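To start, the structure itself, in structure tokens.
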Amino acid sequence: MTESLSHPLAPRPHAAARAGRSPVGMLCGAVLLGVCGSLVAGERAYRSQESRGTAWLVEHLLGMRTLLLEGPTAPVLYAGDHTGLDRGVALTSGCSSALLIAPLALVTALLLLFGNRRTGRVLLAFGVAAGLVVATNLTRLTLVLVMQHRYGAEGFGWTHVLFGSVLMMAAALGAALLYLRLLPRGSAAGAVAAAPVRAGGEGDS
């Protein structure tokens, strides 16, 4: 009768899982938990930074003038040309990408803390997905300001309510697909544990 014998040096599944959780990965997971909490608790501060980023794009890419004021409930961004500044756009929480990135940071943190995937690939997936969301939202806010400047309230309505919403939904879907595409399926430790060991792995009795 032929039976399969496990190699004495083959790692056990639990040991392989522990080996896959590197100290660097767990540290990054803890940091991302903090990032998630900061995005939720400090959403207003994050929104102010997005407003400054939008103002920079409008000024340097489109050559328009901007004015950013911190309102009582939301930052207000004005844009115009040499003739003056148009009415401002209040950047509320619905205009921010913080609440889209926070769940992504939470999922990534949990994968790093309790999974056994490769840290670099997990962080790459998070960085690409989050970067896509941020870049798309800055583009949306820039378009809202430009369209309001050129076409008034009608331009604001079309880009903010309709086109901007569709753009952000497409960005969220694309980010999720990219994240899943780039996310590694397993770890090197898991691959070692699953691989058959030839030397001494079989015996006859």
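Of the accessible area of the stretch 23-164, computed with a 1.4 Å probe over protein heavy atoms only, carbon and sulfur atoms account for 69 percent.
For the stretch 64-111, pairs of C-alpha atoms spaced more than 14 angstrom apart make up 62 percent of the total. What is the distance in Å between the Cα centres of the stretch 51-96 and the stretch 111-160? The two parts, judged by their Cα centres, are 17 Å apart.
The values are calculated or read from the model by the stated rules, or taken from the named source; none is laboratory data. What you see is a predicted model; the values in this text were computed from it and never measured. To get the accessible areas, we keep the full protein, side chains included, count just its heavy atoms, and leave off ligands, DNA and RNA. Shrake-Rupley method; radii C 1.70, N 1.55, O 1.52, S 1.80 Å.
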